Protein chains: 2
Amino acid sequence: MCELLGMSANVPTDICFSFAGLMQRGGCTGPHKDGFGIVFYEGKGIRGFRDYQPSADSDIARFVRDYPLKSQIVISHIRQANRGGICLENTHPFNRELWGRYWTFAHNGQLKGIKKLALTDMLPVGTTDSEHAFCWMLSQIRQRFPKPPRDNMTLWRFVQGLADQLAELGVFNMLLSDSKDLVAYCGKRLSWITRKAPFGDASLIDDDMQVDFGSETTPNDIVTIIATRPLTDNEQWNIMQRGEMRVFRQGILER
Amino acid sequence: MCELLGMSANVPTDICFSFAGLMQRGGCTGPHKDGFGIVFYEGKGIRGFRDYQPSADSDIARFVRDYPLKSQIVISHIRQANRGGICLENTHPFNRELWGRYWTFAHNGQLKGIKKLALTDMLPVGTTDSEHAFCWMLSQIRQRFPKPPRDNMTLWRFVQGLADQLAELGVFNMLLSDSKDLVAYCGKRLSWITRKAPFGDASLIDDDMQVDFGSETTPNDIVTIIATRPLTDNEQWNIMQRGEMRVFRQGILER
């Protein structure tokens, strides 16, 4: 299994604290030693960092941890390879453009027989099940909605159906963004927490690190963090159920 | 005008030396203060770094300069904005997937009326002329070649025709890669140099920096650098002519 990390916020927020916890799972407190990737949205643009070094040893991961990039949507993934070699093109998150928006996708799990699902115009570059699943989803979305539906919830209802189909092939935990919303689909294990005023302290499970969010935020900030397993041990996380999908916009649970 | 920098090599090579020269032009020895971007191919994968800070002041640019990422194809760009605001989604190089390959595109110049060229499935995320031109080129390529032609030179002859059309709209200096070849099209100003054994010294025009390539390379290395203007003052660069297009594979001039 890989580890997923996502963030949705109503103001540009750095993810240094949560990422510091996640990267320790990449070869240090966890076995996910086959690379990591992180994508930050800034406006409509995206900024990605990826490495196939274990994240606990990676200079690029250290740069990301120490450099406070601020973003309203972040998707990150650390990998324990099961299908597809350890190389850059197999490193999540994956990106594609659809409707003039950058989409970002990260997945953990295996999907048996995924490569039998036919692809049309969007093709994978690497050899992972995950990228194939992403290309298939986007092809289906484009076919169903040549133009974006007026209400994004129409889109997400359709995506829930696609995710349910994929989840039948094995384990499908997913983080997805169309640059507006952050979507979390739980096939087996995923949890989330929304932090807002009054902010408290949080202490990481995987690193000897504490943060007082009260001193780093304003009273209007709303920040949701999604992770495979809770990252802190003194806060109440929402543990998602199999087949549950959640949509966050600006840090707020929309669906 | 912006500045372009490209590299094609037969072994994974770092571009630190040339990039050190280029980044000085971003707000220090040159006026190109509206951001920079660089894309490295590693196998079929890509790794991009972008910032809309002037490259001379950018922490991300410093990280790239000091961290010896090795690659066989690199495309970089520093920007002096003329069309499109200063933001991440308008920062070159741009990437799209076609035929299961990542394509990378950077441009300098302006293209009058480019937005009248209709786009079908590939759409720009930002508002630059350049990204519109890239999406148009890829749409044309996909329409003409639903599958990749057996000989890449068939592809590049077609691309030369597209580039000639774009160059009629204004200034069109371009670096393009399909992950196999690096293509340089000169609309007004572009130069290149191939370095191979016996390697000599080189000294940067824009920074007080010298390198002895002989001590950093093996006798079999072949490395071509393409830049808007020559980066060194003690080597013989090839100055390209208007309408000239060159294709490099593994550092070697193919066309």
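A few remarks follow.
- Scan of the range B:227-244 for residues that are part of a strand (DSSP E or B) and within 28 Å of B:ASP207 (Cβ to Cβ), ordered by number: B:ALA227, B:THR232, B:ASN238, B:ILE239
- If you go through the range B:147-165 and keep only what is without any contact (Cβ under 8 Å) to a residue 40 or more places away in the chain and either within 20 Å of B:TRP136 (Cβ to Cβ) or touching a Cys at 6+ places or on another chain (Cβ under 8 Å) (or both), you end up with B:PRO149, B:THR154, B:LEU155, B:ARG157, B:PHE158, B:GLY161, B:LEU162, B:GLN165.
- Scanning the range A:107-127 finds no residues that are among the hydroxyl-bearing types (Ser, Thr, Tyr) and within 29 Å of B:LEU88 (Cβ to Cβ).
- Taken over the range B:129-142, the criterion of being facing another protein chain (nearest Cβ under 10 Å) and among the charged types (D, E, K, R) is satisfied by B:GLU131, B:ARG142.
- For B:ALA56, the conditions (1) touching a helix residue (DSSP H, G or I) at 6+ places or on another chain (Cβ under 7 Å); (2) within 12 Å of chain A (Cβ to nearest Cβ); (3) without any contact (Cβ under 8 Å) to a residue 60 or more places away in the chain are fulfilled apart from (2).
- Listed conditions (1) more than 18 Å from A:GLY187 (Cβ to Cβ); (2) aliphatic (A, V, I, L, M); (3) under 19 Å from the mean Cα position of the chain (by Cα) are all met by A:ALA202, apart from (3).
- Any chance A:LEU190 is of a type in the set (A, V, I, L, M) and under 28 Å from A:GLY43 (Cα atoms): yes
- The residue list B:VAL247, B:VAL223, B:VAL211 contains one member that is among the aliphatic types (A, V, I, L, M), part of a strand (DSSP E or B) and more than 26 Å from B:ARG65 (Cβ to Cβ), which is B:VAL247.
- Candidates A:GLY161, A:GLY126, A:GLY170, A:GLY100 - the one that is at the interface with chain B (Cβ under 10 Å from one of its Cβ atoms) and either crowded, with 20+ Cβ neighbours inside 10 Å or over 27 Å from B:PRO146 (Cα atoms) (or both): A:GLY126
- Subset of the range B:84-97 (residues that are among the aliphatic types (A, V, I, L, M) and either within 9 Å of chain A (Cβ to nearest Cβ) or under 16 Å from A:THR104 (Cα atoms) (or both)): B:LEU88
- Checked against (1) touching a strand residue (DSSP E or B) at 6+ places or on another chain (Cβ under 6 Å); (2) among the aliphatic types (A, V, I, L, M); (3) over 17 Å from A:VAL159 (Cα atoms), A:VAL183 passes all but condition (3).
- Contacts under 7 angstrom Cβ, first residue in the range B:1-23 being more than 18 Å from B:LYS70 (Cβ to Cβ), partner in a strand (DSSP E or B) and small (Gly, Ala, Ser), 6 or more apart: B:LEU4/B:ALA106; B:LEU4/B:ALA227
- Annotation: B:LYS112 fulfils all but one of (1) in contact with a strand residue (DSSP E or B) (Cβ under 6 Å, 6 or more places away or on another chain); (2) crowded, with 21+ Cβ neighbours inside 10 Å; the unmet one is (2).
Bear in mind these aren't lab numbers, they're just calculated from the coordinates by the rules spelled out. In this text, all values refer to a predicted model and were calculated from it rather than measured experimentally. Cβ: placed from backbone, ideal geometry, glycine included. Neighbour counts: every protein chain shown.
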